[in-house]
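> The following block contains the structure, expressed as structure tokens.
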Amino acid sequence: EFVLLLPNFDQQDSAASHAISLAQQIIDSISTPTRIGRNTIHCSTSIGLTIFPQHADNSSNVLRRADTALYRVKDAGRNSYQFYDESMQKEAKARWEIEAGLHRAVALNQLQIWLQPQVDAQHMITGAEVLLRWQHPQKGLVPPMDFISVAEESGQINALEEWVLTSSIKVLNEWQKQGLPSSFQRLSINISPAHFMQADFVERMLRLLKKRQPGDVQIEFEITESLLIHNFDNASKTMSTLQEHGISFAIDDFGTGYSSLRYLTQLPLD
């Protein structure tokens, strides 16, 4: 990341106009293919812009505004520029609050697992899917769509999903002691791509799975097809290793994205 400072403009309009012109020149220049040896390299750049000074401004505020605009460009598809506006600050503040709150959520017992039954054609319960919920002291019940992406980007997803697995195993062990019906075959848990592709994922999962009581109920990991598209070989190896230790696998939301039927024959799916 780089910062360009354009000083000595008398009017905001002329400063903005010059910044836009320069931003477009940078984008055009960087997007020009570059040949390195036998390879042609294609690059892009995302640029966040802000005008300064503003009321009670300082260098940190200027950089924060530009950075907020930069990440809006990245979210919108990259290789463009955008000026900061106040709505971005509200979104960024809400995101920072979620990130800070997640650090405390596990320690303060604010997380909950909910269980969605899975049934067969005869309406018999064959398993359940584990759903994560966050009971925030001020915001109330926070759905995962509002905090999972923040957890992935801030690196907190490992702790959250390991808490989910530990809690799920505890519930499953209690159910097995009480006696589960023979139709109950699996407990499904969603695993994020950011967590699944980490180098020590298998090691950490096997350590947690040692707490599971022996029985006929399988723990099933649900992974997204987007993970498989970008990490086919590594994903396949990880899946095979965990399958040797009794974990089954399903593709979550298959048919909503790339939907390659190749995965169904070439991957160790259950």
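> Out of everything in the stretch 135-185 that is in contact with a Leu (Cβ under 9 Å, 6 or more places away or on another chain), touching a residue at least 40 places away in the same chain (Cβ under 8 Å) and polar (S, T, N, Q), what residue ends up being farthest from residue 221 (Cα to Cα)?
The extreme case among them is 154.
> Also: Out of the residues in the stretch 41-63 that are in a helix (DSSP H, G or I) and without any contact (Cβ under 8 Å) to a residue 24 or more places away in the chain, state the one that is least open to solvent (accessible area, probe 1.4 Å).
That would be 62.
> Next question. Spot the failing condition for residue 180; the list is (1) of a type in the set (A, V, I, L, M); (2) within 18 Å of residue 111 (Cβ to Cβ); (3) open to solvent by 20 Å² or more (accessible area, probe 1.4 Å), and only one is missed.
Every listed condition holds for residue 180 apart from (2).
> Moving to a separate point now. Tell me which of these residue 38 doesn't satisfy, since it passes every other one: (1) on the phi > 0 side of the Ramachandran plot; (2) open to solvent by 90 Å² or more (accessible area, probe 1.4 Å).
The single condition residue 38 does not satisfy is (1).
> Here are some conditions: (1) buried (at least 17 other Cβ atoms within 10 Å of the Cβ); (2) of a type outside the set (Ser, Thr, Tyr); (3) closer than 30 Å to residue 206 by Cα. Residue 83 meets all but one. Which one does it not meet?
That leaves (3) as the condition not met.
> Would you mind telling me which numbered condition in (1) of a type in the set (Gly, Ala, Ser); (2) open to solvent by less than 50 Å² (accessible area, probe 1.4 Å); (3) more than 30 Å from residue 26 (Cα to Cα) residue 92 fails?
For residue 92, the failing item is (3).
> Something else: In the stretch 184-194, how many are modelled with pLDDT of 90 or more and open to solvent by less than 60 Å² (accessible area, probe 1.4 Å)?
Number of matching residues: 6.
The values are calculated or read from the model by the stated rules, or taken from the named source; none is laboratory data. All values reported here derive from a predicted model rather than from experimental measurement. Methodologically, a virtual Cβ is constructed for each residue, glycine included, from the backbone with ideal geometry; neighbour enumeration extends over all protein chains shown. SASA here: full protein model, heavy atoms, side chains in, ligands and nucleic acids out. Shrake-Rupley method; radii C 1.70, N 1.55, O 1.52, S 1.80 Å.
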